[in-house]
Amino acid sequence: MEQAEIIALTHQTAPALVSDGSQLTQDFYQHLFTHNPALKHTFNMVNQVNGVQAGALLDAILLFVTKFDQLDTLGPQARMISAKHVSLDIQPGDYALVGASLLATIQAKLGDAATPAVMKAWELAYTRIAQVLSGLEEIAYQGHRTQPGGWNAFKPFTVTRVVAEAHNINSYILTPQDGQPLPTYLPGQFTSVAVQIPGQVYRQIRQYSLSDAPGRAYYRITVKRHEALADAPAGLVSTYLHEHVQAGDTLLVHAPSGEFYLDAHTDAPLVLLAGGVGITPLMAMLEHLAAVGSNREIILLQATHNPESHAFRQRLRILAKRYPRLRTFALYQNVPVGAGDSDGDDLDSDMGWGTGQLTDDHLTDLLADLSPAADFYCCGPLGFMRHVNGLLKARGFENRNFEVFGPSQSID
C-alpha cells in the first residue's frame, strides 16, 4: 500500500475514532490489560483511573497519524515519548502487544467502515510509528549499556541516606550495590524507581527527577508525599517511600533518561521557574552550574505554598552566597507579605516575600533588563506551567522549556 493511500484512509476514518476519544482509549486499555495483564507491572495504573494516561495516548496517536507524511518533523515529540518508554524499559515486543489491542479497538469502533483496506492502512501506519520510536529507544538502550557503569532495565541501589528537604518532601541518596561507577546524565533528566509495595499485586514504576549535579558517586531523587485530596487518593508510591523506605533499604533504579535538560552550550542568561516540587530538575541544573564554575547570570523563582514547603531553602541560601551571579526569589501562596519564616530568619531574596499567584507584575520586577535571548526552564504543576508559558510568550521570550511530570500533556 502506497503512503498516499495510507494517509487518505487513516485521515478518512480518524474523525469517527476521535468523536468519543475517551471511550476509544478506555476500550483500548481494557482490551490491552485483559489480554496482557503483565503490562500492569509497567503502566501507571493510577493514571489509568484518572484518565490522564488515556488522554496522552490519544493525543500521541492523533499527532503521529495526522503527520504520518511528516514524521521527520516530529523529532522532539518522538524523543520525548521514547525517553518515557526507555524509563519504563519498553521493549520492541511490547509494541506488538499494544498494536494488536489498538487495531482490535479501532476495528470495533469503526464497525462496517473497518474494511480490509482501512485496517491495513492503520496497521501500516502504526507499524511505521512503532519503528520510529523503537529505533530511538534502541539507541538509548545501547548508550546506557555501553558507557562505564551503564546498564539496561532496573538494578538494585542502596538508600544510603534520607534527607528531609521540606514538609512532606524527602531526598533519597542512592548508590549502586554492584559498586560500579555511575554513568553521567544531563542536568534536568530523571530516573525511574520500581517498587513492589506490600499488598499490591503489580509492581509500581515512577519517574523522579535527579535533583543533584551529575558526576557524583550517587544519584539523588527528591520526592513529595502526595496526600489524599477530595478528588484524588494519596500517592501510592510517594506514601510508601515516605512511610517505609529508610537508609539501608534497596530500591530498583533505571538508568537516567529524559528530554528536559540544561543546554550547556550557551552563556545566555538563565531563568529557572519552579512550582512546588518542580524545583527538583532545576536544582540539578543549578548544582551543575555551581560545580563547573559557570559565569552565567541565573535567576531562580520558586512558587510554593509557604516556608515549610520551600524545598532546598537552606541550600539555596548557601549557593546564593557562593555564586555572585545567582539571584533567588520566593513566592508564597498563603504567607502575609513581611512575615518572618518559621525559623525566625528573613528569606535571603532580592525581591523579598511575595504572596499569591505569579503575575506579570512579578515578572516585570524579576526580568528587568533581561536579554531576549535568555533561556527559561520551568517545572511544576500543569496549571502553573501553562500560566508561566502564557506570561513568557506574551513578553516575547522564545527559549522556553518545560517538564511535565507524568504523561505528556500540552502546556499551550
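The values are calculated or read from the model by the stated rules, or taken from the named source; none is laboratory data. Everything numeric here is computed off the predicted structure, so don't read it as measured data. A quick note on method: Cβ atoms are made from the backbone with ideal geometry, for glycine too, and the neighbour counts reach across all protein chains shown.
Structure above, values below:
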quantity: Extreme residue, surrounded by the most Cβ atoms within 10 Å (Cβ to Cβ), among residues of the stretch 364-412 that are modelled with pLDDT under 95 and of a type in the set (Ser, Thr, Tyr); calculated: Ser408
quantity: Hey, Leu286 in contact with a Leu (Cβ under 8 Å, 6 or more places away or on another chain), at pLDDT 95 or above and within 16 Å of Ala213 (Cα to Cα) or not; calculated: yes
quantity: Among the candidates Pro187, Pro198, Pro181, residue that is assigned to a loop (DSSP other than H, G, I, E, B) and buried (at least 20 other Cβ atoms within 10 Å of the Cβ); calculated: Pro187
quantity: Every pair of residues 6+ apart whose Cβ atoms lie under 8 Å, when the first sits in the stretch 292-306 and is closer than 11 Å to Leu270 by Cα while the second is of a type in the set (A, V, I, L, M) and surrounded by fewer than 18 Cβ atoms within 10 Å (Cβ to Cβ); calculated: Arg296/Ala268; Ile299/Leu370
quantity: Set Leu286, Leu273: member being in a strand (DSSP E or B) and buried (at least 24 other Cβ atoms within 10 Å of the Cβ); calculated: Leu273
quantity: Enumeration of residues in the stretch 213-242 that are hydrophobic (A, V, I, L, M, F, W, C) and within 16 Å of Val253 (Cβ to Cβ); calculated: Ala217, Ile221, Val223, Val237, Leu241
quantity: Matching residues in the stretch 73-128 - criterion: being closer than 30 Å to Thr191 by Cβ, assigned to a helix (DSSP H, G or I) and among the polar types (S, T, N, Q); calculated: Thr73, Gln77, Ser82, Ser87, Ser101
quantity: Extreme residue, surrounded by the fewest Cβ atoms within 10 Å (Cβ to Cβ), among residues of the stretch 69-114 that are out of contact with any helix residue (DSSP H, G or I) (no Cβ under 7 Å at 6 or more places or on another chain) and of a type in the set (Ser, Thr, Tyr); calculated: Thr73
